[in-house]
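Beneath this line is the structure, given in structure tokens, with notes to follow.
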Amino acid sequence: DAKTTQPNSMESNEEEPVHLPCNHSTISGTDYIHWYRQLPSQGPEYVIHGLTSNVNNRMASLAIAEDRKSSTLILHRATLRDAAVYYCMERGGYNKLIFGAGTRLAVHP
Amino acid sequence: DTGVSQNPRHKITKRGQNVTFRCDPISEHNRLYWYRQTLGQGPEFLTYFQNEAQLEKSRLLSDRFSAERPKGSFSTLEIQRTEQGDSAMYLCASSLGQPGRQETQYFGPGTRLLVL
């Protein structure tokens, strides 16, 4: 079972920042936090991952709480193409991904 | 396009028939995964290969399901005697697994199965 909790849905307006929260209160010290997203009618795609420090890439930023019990995926300027289901996962020594239900993000023009 | 490809993209079959899906991973990726996704849910892990060896199978993978990855390249997932409950999207992913490094899985577009 997924060990993370996320809101079922969120909404944003185009060009505005979006903060997608994830709780992972039982995460172990060596587990990474991974985010994937799934656009409509497509397979999931990798977004970002991190361990302790905040991380940035061309798609998003990941802010990890100091106690590592939560994290936030930040889309700096949402576009219509960012409308998707966003999944947050703990990832340790296991190879498989364990998806929860994710957060469905709607982006309004 | 050098991404993960899956065929067919859609399959409609009658209950009791056998179906086979194919996944072609990104070349040189040593790991290959199969997941199943039903409507409104996140993908669920089915099985995992490292090269040609099937290293893990989920309890979801009943005896009617079999997966192979001959020669460590493409993979097939076969479902025998399909049931209506097998209707789902079947997703394949591949990755380059390296010891001590977090891997990124690259997913194909999936095969949508409908069992009538």
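The values are calculated or read from the model by the stated rules, or taken from the named source; none is laboratory data. None of these values were measured; they are calculated from a predicted model. Cβ sites come from the backbone with ideal geometry, for glycine too, and all protein chains shown count toward neighbours.
Residues of region B:86-95 that are within 12 Å of chain A (Cβ to nearest Cβ) and either closer than 24 Å to B:ASN18 by Cβ or assigned to a loop (DSSP other than H, G, I, E, B) (or both): B:MET89, B:TYR90, B:LEU91, B:CYS92, B:ALA93.
Yes or no, residue by residue, for (1) closer than 22 Å to B:TYR106 by Cβ; (2) acidic (Asp, Glu); (3) within 14 Å of chain B (Cβ to nearest Cβ):
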position: A:LEU39; (1), (2), (3): yes, no, yes
position: A:HIS49; (1), (2), (3): yes, no, yes
position: A:THR52; (1), (2), (3): no, no, yes
position: A:ASN56; (1), (2), (3): yes, no, no
position: A:ALA65; (1), (2), (3): no, no, no
position: A:LEU80; (1), (2), (3): no, no, no
position: A:ARG104; (1), (2), (3): no, no, yes
position: A:VAL107; (1), (2), (3): no, no, no
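Conditions tested, residue by residue: (1) among the β-branched types (Val, Ile, Thr); (2) in contact with a Ser or Thr (Cβ under 9 Å, 6 or more places away or on another chain); (3) more than 29 Å from B:SER58 (Cα to Cα).
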position	(1), (2), (3)
A:THR52	yes, no, yes
A:ASN56	no, no, yes
A:ARG81	no, no, yes
A:TYR87	no, yes, no
A:GLU90	no, yes, no
A:GLY100	no, yes, no
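Against the criterion of being surrounded by 15 or more Cβ atoms within 10 Å (Cβ to Cβ), touching a strand residue (DSSP E or B) at 6+ places or on another chain (Cβ under 9 Å), modelled with pLDDT under 95 and on the phi > 0 side of the Ramachandran plot, B:GLY72 qualifies.
Among the conditions (1) over 13 Å from A:ASN95 (Cα atoms); (2) at the interface with chain A (Cβ under 10 Å from one of its Cβ atoms); (3) free of Cβ contacts under 8 Å to residues at least 24 places away in the same chain, B:THR104 misses just one, which is (1).
Could you list, in sequence order, all residues of region B:97-116 that are in contact with a Phe, Trp or Tyr (Cβ under 9 Å, 6 or more places away or on another chain) and under 18 Å from A:ILE98 (Cα atoms)? Answer for region B:97-116, where residues must be in contact with a Phe, Trp or Tyr (Cβ under 9 Å, 6 or more places away or on another chain) and under 18 Å from A:ILE98 (Cα atoms): B:GLN102, B:THR104, B:GLN105, B:TYR106, B:PHE107, B:GLY110.
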